[in-house]
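See structure below.
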Amino acid sequence: MASLDDFPITRRWPPQDPSVLQLYSYPTPNGIKVSAFLEESGLPYEAHRVTLDDADVKSPEFLSLNPNNKIPAIIDPDGPDGHPFGLFESGAILIYLAEKTGRFLPADPRGRHETMQWLMFQMGGVGPLFGQLGFFVKFKGAEVADPIPRERYVGEARRLLGVIETALEGRDWIAGEYSIADMALAPWLGALDFYGAKDLVGWTDHPRTVAYLDRFTARPAVQRALDIPPREG
Ligand SMILES: N[C@@H](CCC(=O)N[C@@H](CS)C(=O)NCC(=O)O)C(=O)O
């Protein structure tokens with residue numbers, strides 16, 4: 001693609017400044033990951049609100065950038081080859097932005113692989129499992145008489161919290177230094193409150209994890225990211 005005009009999504013969500021990175025997102029845990037990176041790094045960008053309504057995420061314009069109909073997605077007008085480059089999947093976007101800016105992903109191989117390990121742990125474990133927990137506890141729980149799905153996801157979430165609690169022993173951030181792994185993981189810990197699932201998973205039995213989420217949320221860049229793009233307006 002030679003210019004942003006070649007991306008059909010820009011017809012529905014036109015860029016104000018086509019020279020900066022375009023973010024298509026909503027402030028959910030997966031959306032906040034990328035907003036947090038952009039706010040932390042200071043990379044110039046423009047945020048477009050794409051709600052989770054089918055009218056947005058399943059619109060032909062959004063599907064042209066992410067055929068998997070999920071936020072977040074980006075277009076970088078200055079891609080790896082100097083041409084506009086579109087990308088979806090929050091983990092892939094975080095790695096891309098870390099490599100582009102040289103921030104929040106250690107350069108030394110050991111630190112880099114450990115950061116990737118925790119990023120993958122979030123992408124393959126915490127995100128999907130907590131998402132299902134939210135489905136069965138907050139959104140559709142009352143409609144499902146069978147207790148097994150709910151028990152399954154409560155048990156898995158509790159187990160994953162135990163893994164995080166152990167990993168945080170003696171460190172402030174999940175891979176040592178503050179990194180893209182924290183930007184991926186911490187927003188999902190925050191989701192437990194939104195799901196009304198904190199008591200079910202024994203949140204307060206995990207004091208290092210509680211302090212970790214507080215530490216993440218207290219960062220000024222994260223505070224801003226929590227409402228990017230604004231939910232309303
Ligand atoms: N694996 C994807 C998951 C993204 C995802 O689940 N996004 C949700 C919001 S948190 C979404 O857009 N849902 C809309 C839908 O499924 O229709 C990623 O990490 O980017």
(message) How large is the direction-averaged shadow of the alpha-carbon convex hull of the chain, in nm²?
(response) 13.2
(request) Calculate how many DSSP beta bridges within the chain are antiparallel, expressed in % of all such bridges and rounded to the nearest 5. (result) 60
(request) Calculate the translational D of the stretch 125-231 in whole µm² s⁻¹ from Stokes-Einstein, where the hydrodynamic radius comes from the Kirkwood formula applied to all Cα pairs, the temperature is 20 °C and the viscosity 1.002 mPa s. (result) 148
(request) Could you pull out every one of the lysines with an alpha carbon less than 24 Å from that of residue 70, ignoring same-chain neighbours closer than 8 positions? (result) 33, 58, 100, 138, 140
(message) Just to be sure I understand: with springs between alpha-carbon atoms less than 10 Å apart, which residue in 47, 218, 175 has the highest mean-square fluctuation in the Gaussian network model of the chain?
(response) 218
(request) Quote the relative contact order of the chain in percent (integer), defining contacts as alpha-carbon pairs under 8 Å separated by 6+ residues. (result) 25
(message) Using 0.36 nm times the number of residues separating residue 120 and residue 172, minus their current alpha carbon distance, what extension gain do you get?
(response) 16.8 nm
(message) In the stretch 63-87, whose amide N lies under 16 Å from the spot 7 Å out along Cα-to-Cβ of residue 11? List them in ranges.
(response) 63-66
(request) Enumerate the amide H contacts of residue 79 below 5 Å, restricted to partners 5 or more residues apart or on another chain; note that Pro and chain-start residues carry no placed amide H. (result) 85
(message) Can you give me the long-range amide H partners of residue 59? Hydrogens built in the peptide plane at 1.01 Å from N, cutoff under 5 Å, separation of 5 or more residues or another chain.
(response) none
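Only the coordinates and a few stated rules stand behind these numbers; no lab work does. As the structure is a computational prediction, the values presented were derived from the model and not from experiment. Glycine gets a Cβ as well: all are built from the backbone with ideal geometry, and neighbour counts include every protein chain shown.
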